[in-house]
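Enquirer: The structure follows.
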Amino acid sequence: GTMVKGTLRKAMGDPAGEIRRRRQVPERGRPRRVPSERLASLGLDELRPFFDKRLAEASDGLGLSPNSIKRVCRRLGITSWPYRELRGLDAQLARLRGH
């Protein structure tokens, strides 16, 4: 019970249970909020060069959070990030060409 947990924390040098309470901070940190005008003006032409990259890479390249990119995609009628589908089509083309 609690006696064992408390003993374990004390043995680990953590009598107050601080280890358990600390929040994990994402490696990239919390993205800043993007002004809605920037999201509203973002179009297919700005997104298209990033379609062959993973969403996280596109996020870094555009300076937006992945969720902001998803929101823009939904507005443009793109239901999911095209990276995997494009990768699959490239592989299919390579097979057909005999590579």
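The values are calculated or read from the model by the stated rules, or taken from the named source; none is laboratory data. Since the structure is predicted, the reported quantities are computational estimates derived from the model, not experimental observations. Every residue, glycine as well, gets a Cβ built from its backbone with ideal geometry; the counts of neighbours run over all protein chains shown. Areas reflect the complete protein model, heavy atoms only, side chains present, ligands, DNA and RNA absent. Shrake-Rupley method; radii C 1.70, N 1.55, O 1.52, S 1.80 Å.
Enquirer: Looking only at region 57-77, which residues are surrounded by 13 or more Cβ atoms within 10 Å (Cβ to Cβ) and aliphatic (A, V, I, L, M)?
Expert: Within region 57-77, Ala58, Leu62, Leu64, Ile69, Val72 qualify.
Enquirer: Give just the number: which of (1) among the basic types (Lys, Arg); (2) at pLDDT below 90; (3) surrounded by 12 or more Cβ atoms within 10 Å (Cβ to Cβ) does Arg23 not satisfy?
Expert: For Arg23, the failing item is (3).
Enquirer: A further question on this structure: For region 78-99, what are the residues that are surrounded by 14 or more Cβ atoms within 10 Å (Cβ to Cβ) and in a helix (DSSP H, G or I)?
Expert: Listed by number, the list holds a single entry, Tyr83.
Enquirer: Within region 37-50, does at least one residue satisfy the condition of being modelled with pLDDT of 60 or more, part of a loop (DSSP other than H, G, I, E, B) and open to solvent by 40 Å² or more (accessible area, probe 1.4 Å)?
Expert: Restricting attention to region 37-50, the residues satisfying the condition of being modelled with pLDDT of 60 or more are 37-50.
If we keep only those that are part of a loop (DSSP other than H, G, I, E, B) too, we end up with 42-43.
Of the ones still in play, those that are also open to solvent by 40 Å² or more (accessible area, probe 1.4 Å) are none.
So far as region 37-50 goes, no, none of its residues is modelled with pLDDT of 60 or more, part of a loop (DSSP other than H, G, I, E, B) and open to solvent by 40 Å² or more (accessible area, probe 1.4 Å).
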